[in-house]
Amino acid sequence: MKKKTLFSSLVLVLSLTTVLAGCSNEDKNMITFWTPLTGDDGAYMDQLVKDYNATNPEVKVKHVITADMYTKVSTVLNSGKGVPDLAIIHADRVPGFVKQGVLEPMTDLIKAQPELKQDNYLPQAWSTGTVDGTQYTIPLDIHSNVMYYNKDLLKKYNAESFLDDNVVTIDEMLSLQGKLDEGDYIVNDALLGWVILAQIQNLGGDIQENGKPAVNTPVMKQALESVKKVADAGLMTPFGEDGYLMFQSGNVLFSTDGTWSSTAHAGVEGLNFGVTNVYSAAPDKFTNRSSSHLFTMLKNKDRTEAKVAGIGNFLEFIRTNSLEWAKAGQIVASKQVNESPEYKDYMQSFFTSNEKEIQSLYIYTYEYYPYIAEAVDTYCGDIVRGNVDIDETLQTMQKFVEDKIAEGSSGAK
Amino acid sequence: MKKKLNLAPVFFVGPHVILFAVFVLLPTIYGIYASFTKWNLMNEPVWVGLDNYKTILFNTESTFHTQFQNGLKNTFIFVGLSVPLLIVIPLMIAVALEHKKVKMKNVIQSILYIPGLISISAAALIWLLIFNKQLGITGNIFGSQIAWPTNQPYAWLIIIVITVWGGVGGNMIIYRASISGVAKELYESAELDGAGSIRRFASITLPSIRFPLIYTFVMTTAGAFNVFGQPLMMTDGGPRQSTHVLMMYIRQLAFGNGESIAGMASAMAVLLGLIILVISALQYYVMNRNAA
């Protein structure tokens, strides 16, 4: 009798596992393509994939939007099952992923598609995926921290000259102190962490020294203090208030948010706006801290050659047809697209209009950049608003990054 | 003669046991194992013994120690503020709804229950607009000149408001159901004996719904310790990390920026689990003893 119980529970377990396993049946003739692109971005990517599939390729692409993609990626890589054939990752993930050996080099794929090469893309978008001479990614875009300006307010406050040399300096902004109507502000604090990281470049510094994180540095302090001047002068939107919304409601001259916000700003009735470089602490240099969406192949031994060839075709299609992506507000990485006349209709074409602008799009590629960005994001608001002591907090930030690095795989004793 | 084997219980219990094992037991065991390792979710976990716990509990220099301390402190503040409200308010509403003169009881009940069905992120967006300095009531009606999400004690206030708003319904339904099970005769005879409404509530209602009370108290407390969505959405942990609860740190370590620090995160989670376990057991013990 005991056997029978065992048997029936076994049947139960088996039937359940079959049901569960049924979920992961993969299509041999379909490229599974994971992206973290939620919202409108996902819809534009859907359209691109749809357009590609309409060309009747041998292997079609299935776009899967996964909101929590990086968590899921680590899960599937761990189990080795259900690894997507193609994925989009952010630039700052590349060094870590390569070090952990989870990215497949693009070498063979590039050989089969001669046009997928550095010359055909924005240089930094391409080189972000180059580690020790091996190419691991093909870029889709650069998305950057930029500065929108309210044309009407600039005129009202006689500040149009700020834009003349494409560098709005902190001193220029400070010159408007005491001249604003009540409720108006010069700049908001959107993406403040990115703005600080741009100042580090403007001031000639870096976030690392010989591979060690450099957070508690004179340059970092100077970057924070120069932005703090703006806040101290009462020119920055008040702490805790929605500066992004205040820009849209026409009370703020400059908004330091992302390329992707242009579509949202355009949807605001009566908002007469343009785009320029993020303000600078230096008179002659400007930097727009950027990231990039990159196509990559996670290690997957089941990926067939036919699929790799299919991925190559798809990426070549994207290279030549990704004007659709410009609608999402992003700076398309493919030169064929960003040098085309149609692309000039998009506001973000400003950032590829000349060599200096292209160079201003700065992508940090330091291995531990994500930890540093996290530290800066966590603490910069309170530093800039004068809520905390700057020296003490810089020490905390440095320790924060070092502790996290020490816990990582490479920091293992 | 052998007893005939009855398979029915296996079919009733089996699916639950399997699901429990697959989705709760095994992950829990693995989580506890992970807490003794250095693990980035990608490579093989490296066994480090009690190192993570030592760092979190005793290394006062370490960022993880400060994070754990601050996170735990803020979680306790949240529990202390929210749990009493989530017990008392639903109980009072449930008792009030029992009054003969209250009309449309089910409508009121539904209105109070619906917020619990709305996702925290959607609700938080609405509440953030309500508490927005320019657009919301705080500035326009109360004339408040400060931004609530970035100033204490207002930051806690808005977190508690959204928590109570979303959490009142669930406990209220439990209380209503159990109060309706109390024999009407008890109230009638108490009334004949001259007991006022407060006396009836204290001497009849409360003792009669003892078990639902213990249950909701324990469950609400355990739930409150796991708070995550409300502070994340309403204040993002600010101002100066004073509403940054432990679950937010745990998530950030394991699934935040850059390489995952899942081992440390697991250790924090295990410690949090232990705290919840001890407190729940204590609550149950104390309440049950007093009630018996």
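The values are calculated or read from the model by the stated rules, or taken from the named source; none is laboratory data. Remember, predicted model here, so these are calculated numbers, not experimental data. Cβ atoms come from the backbone with ideal geometry, glycine included; neighbour counts cover every protein chain shown.
Here the condition is being of a type in the set (Val, Ile, Thr), touching a helix residue (DSSP H, G or I) at 6+ places or on another chain (Cβ under 7 Å) and assigned by TED's automatic domain parsing to the domain that holds A:Met69; of A:Val275, A:Val308, it holds for A:Val308 alone. Quick check: is even one residue across segment A:69-84 within 14 Å of another protein chain (Cβ to nearest Cβ), under 22 Å from the mean Cα position of the chain (by Cα), modelled with pLDDT under 90 and not in a helix (DSSP H, G or I)? No - not one qualifying residue is present in segment A:69-84.
Only helices (runs of 4 or more DSSP H) whose full extent lies in segment B:20-130 are considered here, and none of them has at least 3 residues that are within 14 Å of another protein chain (Cβ to nearest Cβ), in contact with a Leu (Cβ under 6 Å, 6 or more places away or on another chain) and within 22 Å of B:Ser178 (Cα to Cα).
Checking each residue in segment A:230-259 for being surrounded by fewer than 19 Cβ atoms within 10 Å (Cβ to Cβ), touching a residue at least 60 places away in the same chain (Cβ under 8 Å) and more than 14 Å from every other protein chain (Cβ to nearest Cβ) picks out only A:Asp232. Inspection of segment A:133-140 finds no residue satisfying the criterion of being exposed (fewer than 15 other Cβ atoms within 10 Å of the Cβ) and at pLDDT below 90.
I'd like the residue in segment B:194-219 that is β-branched (Val, Ile, Thr) and part of a helix (DSSP H, G or I) and, out of all such residues, is nearest to B:Ile179 (Cα to Cα). Selected residue: B:Thr205. For segment B:137-183, a residue qualifies if it is free of Cβ contacts under 8 Å to residues at least 60 places away in the same chain, on the phi < 0 side of the Ramachandran plot and not in a helix (DSSP H, G or I), and the qualifying residues are B:Ile141, B:Phe142, B:Ser144, B:Gln145, B:Ile146, B:Ala147, B:Pro153, B:Gly181, B:Val182, B:Ala183.
Listed residues B:Val218, B:Val227; which is hydrophobic (A, V, I, L, M, F, W, C) and either within 14 Å of chain A (Cβ to nearest Cβ) or crowded, with 21+ Cβ neighbours inside 10 Å (or both)? Result: B:Val227 is the single residue among B:Val218, B:Val227 that is hydrophobic (A, V, I, L, M, F, W, C) and either within 14 Å of chain A (Cβ to nearest Cβ) or crowded, with 21+ Cβ neighbours inside 10 Å (or both). Which one is farthest from B:Ile250 (Cα to Cα), of the residues in segment B:220-238 that are outside any helix (DSSP H, G or I) and polar (S, T, N, Q)? Result: B:Thr235.
Taken over segment B:234-291, the residue count meeting the criterion of being in contact with a Gly (Cβ under 6 Å, 6 or more places away or on another chain), more than 14 Å from chain A (Cβ to nearest Cβ) and among the hydroxyl-bearing types (Ser, Thr, Tyr) is 0. For the residues A:Tyr121, A:Tyr149, the requirement of being more than 14 Å from every other protein chain (Cβ to nearest Cβ), within 22 Å of the chain's Cα centre (by Cα), in contact (Cβ under 8 Å) with a residue 40 or more places away in the chain and over 17 Å from A:Thr320 (Cα atoms) singles out A:Tyr149.
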